[in-house]
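**Student:** Here it is, the structure, as structure tokens.
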Amino acid sequence: MIQFIILIDEFKLSNTAKYGYGFYQCNSAKGLSSYNKEPFLALRNCYNQTKNPFYLFVLIVFAFNNQIRFNAKREFNLPYGKRDFNQNMQNKLRRFIAKLQDENITIFNKDFRDFPLEMLDSKSFVYIDPPYFLATAPYNENKAWGKQDELDLLEFLRILDSKNIRFALSNVIFHKDKEHYVLKEWLEKYQKFKVHYLDFHYKNCNYQTKKAESSEVLVTNY
């Protein structure tokens, strides 16, 4: 946490947890984008030259919607966002670190096709939130997720079910006048799986897509 604050100070990014919004002549409604623009771009340039993972973490905190996006040159290219490492985010990070230390948790960075299924049994639960096949977002640009990936993921879910492992899949069945025919055909083939249609509102998010343009679902085998 201390190193995080030192890096924020080094690049002269905002620190509302310490100084508040008034210090930067901003408010919580308007956000901090006008103040953090140049410091953020300087940090982003530094990360793209060094690939320092700690720099990347700070970038994500200050980036638009706390997202991650890279261009074809593998350069981080998201713009600055409205928020900073505020007190609420600091508290969340502390609770997350404490939970990691209290529980027996192992984190893998693997393609789902390489996941060691022998680690799972009938008491396990697998939640899947993949890049949406119908939508274009920062996490699936540059052809990062295609039809074959979608088919492989659905087969992975079928294998989980065959081993009596519970799963839940988040996805969209309809988006911007497009139907997710791959998922629809799969569900018609395996009618044992349940489809739950979701009705959420994202008033605090900066999504440009209106909720009415998408039909979100949660697919489960229980």
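**Student:** Quick test for you: out of F54, F11, F85, F70, pick the one residue that is in contact with a strand residue (DSSP E or B) (Cβ under 7 Å, 6 or more places away or on another chain) and of a type in the set (F, W, Y). Please lay out each step first, then the result.
**Tutor:** On the way: F54 fails: in contact with a strand residue (DSSP E or B) (Cβ under 7 Å, 6 or more places away or on another chain); F11 fails: in contact with a strand residue (DSSP E or B) (Cβ under 7 Å, 6 or more places away or on another chain); F85 fails: in contact with a strand residue (DSSP E or B) (Cβ under 7 Å, 6 or more places away or on another chain).
Just a single option satisfies the conditions, and that option is F70.
**Student:** Which ones in segment 70-85 are of a type outside the set (D, E), assigned to a loop (DSSP other than H, G, I, E, B) and crowded, with 19+ Cβ neighbours inside 10 Å?
**Tutor:** Our first condition is that a residue be of a type outside the set (D, E); within segment 70-85, this holds for 70-74, 76-83, 85.
Applying the additional criterion that residues be assigned to a loop (DSSP other than H, G, I, E, B) yields 71-74, 77-79, 81-83, 85.
Listed by number, the residues that qualify are L78, G81, R83, F85.
**Student:** Run down N48, N65 and say which single residue is touching an Asp or Glu at 6+ places or on another chain (Cβ under 7 Å) and assigned to a helix (DSSP H, G or I).
**Tutor:** Numbers: N65 fails: touching an Asp or Glu at 6+ places or on another chain (Cβ under 7 Å).
Every option except N48 fails the conditions.
**Student:** What pairs come out if I take residues in segment 67-84 that are on the phi > 0 side of the Ramachandran plot and in contact (Cβ under 8 Å) with a residue 40 or more places away in the chain and pair them with residues that are part of a loop (DSSP other than H, G, I, E, B) and surrounded by fewer than 19 Cβ atoms within 10 Å (Cβ to Cβ) whose C-beta lies under 8 Å away, six or more apart or interchain?
**Tutor:** Pairs that qualify, where the first residue is on the phi > 0 side of the Ramachandran plot and in contact (Cβ under 8 Å) with a residue 40 or more places away in the chain and the partner is part of a loop (DSSP other than H, G, I, E, B) and surrounded by fewer than 19 Cβ atoms within 10 Å (Cβ to Cβ): there are none.
**Student:** Then there's this: Regarding segment 99-107, can at least one residue be identified that is hydrophobic (A, V, I, L, M, F, W, C) and modelled with pLDDT of 95 or more? I'd like the intermediate steps shown before the answer.
**Tutor:** Quick first cut of segment 99-107, residues hydrophobic (A, V, I, L, M, F, W, C) only: 100, 105, 107.
This time we only want the ones that are modelled with pLDDT of 95 or more, so: none.
Looking for residues that are hydrophobic (A, V, I, L, M, F, W, C) and modelled with pLDDT of 95 or more, one finds none in segment 99-107, hence no.
**Student:** I would also like to ask the following. Are there any pairs with C-beta distances below 9 angstrom linking a residue in segment 39-58 that is over 19 Å from F85 (Cα atoms) to a residue that is charged (D, E, K, R), with the two at least 6 apart or on different chains, and if so which?
**Tutor:** N48/K73; N48/R74; N48/E75; K51/R74
**Student:** Looking at R113, R94 in this structure, which one is within 30 Å of C26 (Cβ to Cβ) and out of contact with any Leu (no Cβ under 6 Å at 6 or more places or on another chain)? Can you show your working first?
**Tutor:** On the way: R113 fails: within 30 Å of C26 (Cβ to Cβ).
Being within 30 Å of C26 (Cβ to Cβ) and out of contact with any Leu (no Cβ under 6 Å at 6 or more places or on another chain) holds for just one of R113, R94, which is R94.
**Student:** Would you be able to tell me the number of residues in segment 20-53 that are in contact with a Cys (Cβ under 9 Å, 6 or more places away or on another chain) and either closer than 18 Å to Q90 by Cα or of a type in the set (G, A, S) (or both)?
**Tutor:** 3
**Student:** Within segment 54-62, does at least one residue satisfy the condition of being in contact with a Cys (Cβ under 7 Å, 6 or more places away or on another chain) and either modelled with pLDDT of 95 or more or surrounded by 12 or more Cβ atoms within 10 Å (Cβ to Cβ) (or both)? Please lay out each step first, then the result.
**Tutor:** Here is the first cut: in segment 54-62, the ones in contact with a Cys (Cβ under 7 Å, 6 or more places away or on another chain) are 55.
Subsequent filtering for residues that are either modelled with pLDDT of 95 or more or surrounded by 12 or more Cβ atoms within 10 Å (Cβ to Cβ) (or both) retains 55.
Yes, because at least one residue in segment 54-62 is in contact with a Cys (Cβ under 7 Å, 6 or more places away or on another chain) and either modelled with pLDDT of 95 or more or surrounded by 12 or more Cβ atoms within 10 Å (Cβ to Cβ) (or both).
**Student:** Going by what's in this entry, would Y132 be described as within 17 Å of the chain's Cα centre (by Cα), surrounded by 11 or more Cβ atoms within 10 Å (Cβ to Cβ), in contact (Cβ under 8 Å) with a residue 24 or more places away in the chain and under 30 Å from Q25 (Cα atoms)? Break it down into steps so the answer makes sense when it comes.
**Tutor:** Details: within 17 Å of the chain's Cα centre (by Cα): yes; surrounded by 11 or more Cβ atoms within 10 Å (Cβ to Cβ): yes; in contact (Cβ under 8 Å) with a residue 24 or more places away in the chain: yes; under 30 Å from Q25 (Cα atoms): no.
The answer is no for Y132.
**Student:** Kindly check whether there is at least one residue in segment 27-35 that is part of a loop (DSSP other than H, G, I, E, B) and either polar (S, T, N, Q) or not assigned by TED's automatic domain parsing to the domain that holds I97 (or both). Lay out the reasoning, then the answer.
**Tutor:** As a first pass, look at segment 27-35 and keep what is part of a loop (DSSP other than H, G, I, E, B): 27-32.
Still in the running and either polar (S, T, N, Q) or not assigned by TED's automatic domain parsing to the domain that holds I97 (or both): 27-28.
Yes, segment 27-35 has at least one match.
**Student:** Right, something else. Residue pairs, Cβ under 9 Å, 6 or more apart or interchain, first in segment 1-26 and on the phi > 0 side of the Ramachandran plot and modelled with pLDDT of 95 or more, second assigned to a helix (DSSP H, G or I) and of a type outside the set (S, T, N, Q). List them.
**Tutor:** From segment 1-26, the pairs are K12/E38; K12/P39; K12/A42.
**Student:** Look at segment 86-121 and say how many of its residues are assigned to a loop (DSSP other than H, G, I, E, B) and either without any contact (Cβ under 8 Å) to a residue 60 or more places away in the chain or outside the structural domain of V61 (by TED's automatic domain parsing) (or both). Reasoning before the result, please.
**Tutor:** Step one: filter segment 86-121 for residues assigned to a loop (DSSP other than H, G, I, E, B), giving 86, 103-111, 115-116, 120-121.
Then drop every residue that is not either without any contact (Cβ under 8 Å) to a residue 60 or more places away in the chain or outside the structural domain of V61 (by TED's automatic domain parsing) (or both), which leaves 103-111, 115-116, 120-121.
Qualifying residue count for the region: 13.
The values are calculated or read from the model by the stated rules, or taken from the named source; none is laboratory data. Because the structure is a prediction, the values reported are computed rather than measured. Counting neighbours? That spans all protein chains shown, and the Cβs are built from the backbone with ideal geometry, glycine included.
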